[in-house]
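A short worksheet on the structure shown next.
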Amino acid sequence: VPNLQGPRYISPAPNGGFVVSEECGDVKVFTSSRKLLCSLSSKYGHRFGNPAGVCVDVNGSILVADEQRRTVHLFPEHGAPVCLVSAGLRRPNGVACSSFGHLFVADTGENCVKVFKYCVRPP
């Protein structure tokens, strides 16, 4: 996949696609045929500081750790982004989620992994 602006983290997505965070401050979603499906900044009108870790949960929502803003946001397939973690992170880097609704955040600012429980209800 060419023409990425400093690719950082990558995660598989449903239907064989994948999600990539870029140093330039965006997160891009690709199809299984490696075609750009969307940019989260454009699709949601969201401004990232420095997107880092990305993952996709069992509902197909994309979760993004933002190092600069010290947050983790969830981007559902339909609806507005949801800030899942807005406090308690010094430098969120990697993220992973379980099928049981657990969010794991590697916080390199505190040299630890933080575990959160989340549940997003449909609008």
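The values are calculated or read from the model by the stated rules, or taken from the named source; none is laboratory data. All values derive from a computational prediction rather than experimental measurement. Every residue, glycine among them, receives a Cβ derived from its backbone with ideal geometry; neighbour counts consider all protein chains shown. For accessibility, only protein heavy atoms count, side chains too; no ligands or nucleic acids. Shrake-Rupley method; radii C 1.70, N 1.55, O 1.52, S 1.80 Å.
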key: Count of residues meeting criterion [surrounded by 13 or more Cβ atoms within 10 Å (Cβ to Cβ) and in contact with a helix residue (DSSP H, G or I) (Cβ under 8 Å, 6 or more places away or on another chain)] in the stretch 69-91   = 2
query = Would it be correct to say that D66 is of a type in the set (D, E, K, R), surrounded by 13 or more Cβ atoms within 10 Å (Cβ to Cβ), at pLDDT 95 or above and under 17 Å from C97 (Cβ atoms)?
reply = yes
task = Give just the number: which of (1) closer than 19 Å to T108 by Cβ; (2) of a type in the set (D, E, K, R); (3) in a strand (DSSP E or B) does K28 not satisfy?
result = (1)
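Could you please find all residues in the stretch 32-59 being open to solvent by 40 Å² or more (accessible area, probe 1.4 Å), over 15 Å from R69 (Cα atoms) and touching a helix residue (DSSP H, G or I) at 6+ places or on another chain (Cβ under 8 Å)?
If the condition is that a residue be open to solvent by 40 Å² or more (accessible area, probe 1.4 Å), over 15 Å from R69 (Cα atoms) and touching a helix residue (DSSP H, G or I) at 6+ places or on another chain (Cβ under 8 Å), then S32 is the only one that fits.
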request  = Please list, ordered by first then second residue, the pairs with beta carbon atoms under 6 Å, 6 or more apart or interchain, first in the stretch 32-60 and more than 16 Å from C83 (Cβ to Cβ), second among the small types (G, A, S) and assigned to a loop (DSSP other than H, G, I, E, B).
outcome  = S32/G17; V56/A13; V58/S99
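If we keep just the residues of the stretch 105-121 that are open to solvent by 40 Å² or more (accessible area, probe 1.4 Å) and in contact (Cβ under 8 Å) with a residue 12 or more places away in the chain, which is farthest from the chain's Cα centre (by Cα)?
Within the stretch 105-121, the match that is farthest from the chain's Cα centre (by Cα) is E110.
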